[in-house]
Structures are given as structure tokens and as C-alpha cells.
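Q: Sharing a structure here in C-alpha cells format.
The values are calculated or read from the model by the stated rules, or taken from the named source; none is laboratory data. Computed from a predicted model, the values in this text were never measured in an experiment. Cβ placement follows ideal geometry from the backbone for every residue including glycine, while neighbour counts extend to all protein chains displayed. Quick note on the areas: whole protein, heavy atoms, side chains included, nothing else; ligands and nucleic acids left out. Shrake-Rupley method; radii C 1.70, N 1.55, O 1.52, S 1.80 Å.
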Amino acid sequence: QVHLVESGGGLVQPGGSLRLSCAASGSIFSHNTISWYRQVPGSEREWVALIGTSGLTNVASALRVRFRISRDEAKNTVQLQMNNLKPEDTAVYSCYTQVSGKDVWGQGTQVTVSS
């Protein structure tokens, strides 16, 4: 069974940067598209970015200037680099994939942007 584990969240001041990581229990990243989502309590989950099996990436248009997704196959992780963070980026960030048609979510990591 595949498990995803996020790390790297925390408290950061506006304008700061964070680098989130999504680690998998197996070597799935070259075989599965990995996405990052974020969610604020009481709001719908928002798609942030994805990286496909070929390494092609896509980031939500509103975040494209500040966020970047990448993959480190040697470490079996997918990273989300977030720059120039704003208070409205505060959310729980989770990574997601599908394995054999089943949804797999990590537990999420909290990102708080505040002075």
C-alpha cells in the first residue's frame, strides 16, 4: 500500500519562502502523477500544482509566478517550492496521487503565513 507523507510546513512571515516535500513509501513518482492541494478550514480544497510521469509540470495560474513543483527521484520525493508567501497562502497542503484507481492522500502539512 502506498503512503504519502508531507513535510516542510511551518510559520513564515509574508514574503518568505517554504519548501514542502512529499515522500512516498514506494517508488511511484515515475509512474504516477503527483499533485499538491491546499485547503483552508471551511473552504473547498484547491488544486495547486502537479507533476506528471514524464516530469512535465503545471501550476495553478494564480500561483505560477511564486510556486514551483519538482521531483527528486533519487530521494523519492516531490517538492513544492513556495516563494514570496502571502497570508492568503495559509492552508493545509497535501499531496495526492492515484494508485490502481484508488485515491491516496497524505496527512497534510500546515503552512501559516503571518507576521
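Q: Does S21 fit the bill of being in contact (Cβ under 8 Å) with a residue 12 or more places away in the chain, exposed (fewer than 13 other Cβ atoms within 10 Å of the Cβ) and either in a strand (DSSP E or B) or not β-branched (V, I, T) (or both)? Before you say what the answer is, go through the steps one by one.
A: Values: in contact (Cβ under 8 Å) with a residue 12 or more places away in the chain: yes; exposed (fewer than 13 other Cβ atoms within 10 Å of the Cβ): no; either in a strand (DSSP E or B) or not β-branched (V, I, T) (or both): yes.
Spelling it out, it is not the case that S21 is in contact (Cβ under 8 Å) with a residue 12 or more places away in the chain, exposed (fewer than 13 other Cβ atoms within 10 Å of the Cβ) and either in a strand (DSSP E or B) or not β-branched (V, I, T) (or both).
Q: On the given criteria, is T97 open to solvent by less than 50 Å² (accessible area, probe 1.4 Å) and of a type outside the set (A, V, I, L, M, F, W, C)?
A: Details: open to solvent by less than 50 Å² (accessible area, probe 1.4 Å): yes; of a type outside the set (A, V, I, L, M, F, W, C): yes.
So T97 fits the description; yes.
Q: I'm trying to understand the selection: among the residues of region 1-11, which are surrounded by 14 or more Cβ atoms within 10 Å (Cβ to Cβ), within 16 Å of the chain's Cα centre (by Cα) and farther than 16 Å from T112 by Cβ?
A: L4, V5
Q: Provide a single number: the residues in region 30-51 that are over 13 Å from the mean Cα position of the chain (by Cα) and either loosely packed, with under 13 Cβ neighbours inside 10 Å or over 23 Å from S115 (Cα atoms) (or both).
A: 7
Q: Looking only at region 100-115, filter to residues that are hydroxyl-bearing (S, T, Y) and open to solvent by 60 Å² or more (accessible area, probe 1.4 Å); which one of those is modelled with the lowest pLDDT?
A: S100
Q: Continuing with this model, one more query. Of the residues that sit in region 58-87 and are among the hydroxyl-bearing types (S, T, Y) and within 12 Å of the chain's Cα centre (by Cα), which one is nearest to I28 (Cα to Cα)?
A: Among those that are among the hydroxyl-bearing types (S, T, Y) and within 12 Å of the chain's Cα centre (by Cα), it is T77.
Q: Can P14 be described as under 16 Å from T112 (Cα atoms), assigned to a loop (DSSP other than H, G, I, E, B) and touching a Lys or Arg at 6+ places or on another chain (Cβ under 7 Å)?
A: yes
Q: Return the residues of region 56-77 that are open to solvent by less than 50 Å² (accessible area, probe 1.4 Å), in a strand (DSSP E or B) and at pLDDT 95 or above; say none if nothing qualifies.
A: Answer for region 56-77, where residues must be open to solvent by less than 50 Å² (accessible area, probe 1.4 Å), in a strand (DSSP E or B) and at pLDDT 95 or above: V59, F67, I69, S70.
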